[in-house]
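Take a look at the structure set out below.
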Amino acid sequence: MSNKQVPGCNVYMEYMWVWEMPSPASIEGSHSHDYDEIVLNIGSDPENPADLGAEIEAYLGGEKQVTDTTCAIFIPKNVKHGPIKWTKFSRPHIQMSIMRGTGDLKEAMPGGHKPK
């Protein structure tokens, strides 16, 4: 979702299924935004929704964070985050990113977005 789909919403949101171990398994580098960001990692096991089905290692403000459970991570504006690495994978899961106050990716990442 962005201002392109919903004019004036001033929210940029990405929603993706991670169907298999990402290849490459890591997103290198770190970056920050002028906007707060919320990253949700959501497991897909209806019998155990807290189980993410993967283990993700990420750096937030230079500090290593490891999660293997369904969770939401708040990243305040101007806090560097990354790299991100999937260290284990057992089932598909959802990763969603929401940036409040910006209406599109170009505004959120003026230096460009370079997926690997």
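Numbers for the structure displayed
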read-out: Residue in the range 4-34 that is nearest to HIS93 (Cα to Cα), counting only those that are touching a Phe, Trp or Tyr at 6+ places or on another chain (Cβ under 8 Å) and part of a loop (DSSP other than H, G, I, E, B); value: GLU20
read-out: Filter pass, PRO49 being touching a Lys or Arg at 6+ places or on another chain (Cβ under 8 Å), part of a loop (DSSP other than H, G, I, E, B) and more than 24 Å from GLY103 (Cα to Cα); value: no
read-out: Condition met for THR70 (over 21 Å from TRP17 (Cβ atoms) and surrounded by 14 or more Cβ atoms within 10 Å (Cβ to Cβ)); value: no
read-out: Subset of the range 68-110 [outside any strand (DSSP E or B) and modelled with pLDDT of 90 or more]; value: THR70, PRO76, LYS77, ASN78, VAL79, LYS80, SER90, ARG91, PRO92
read-out: Evaluation of HIS81 against (1) surrounded by fewer than 17 Cβ atoms within 10 Å (Cβ to Cβ); (2) within 26 Å of VAL11 (Cα to Cα); (3) touching a residue at least 40 places away in the same chain (Cβ under 8 Å) (one fails), failing number; value: (1)
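The values are calculated or read from the model by the stated rules, or taken from the named source; none is laboratory data. Since this is a predicted model, take the numbers as computed values, not measurements. Every residue, glycine as well, gets a Cβ built from its backbone with ideal geometry; the counts of neighbours run over all protein chains shown.
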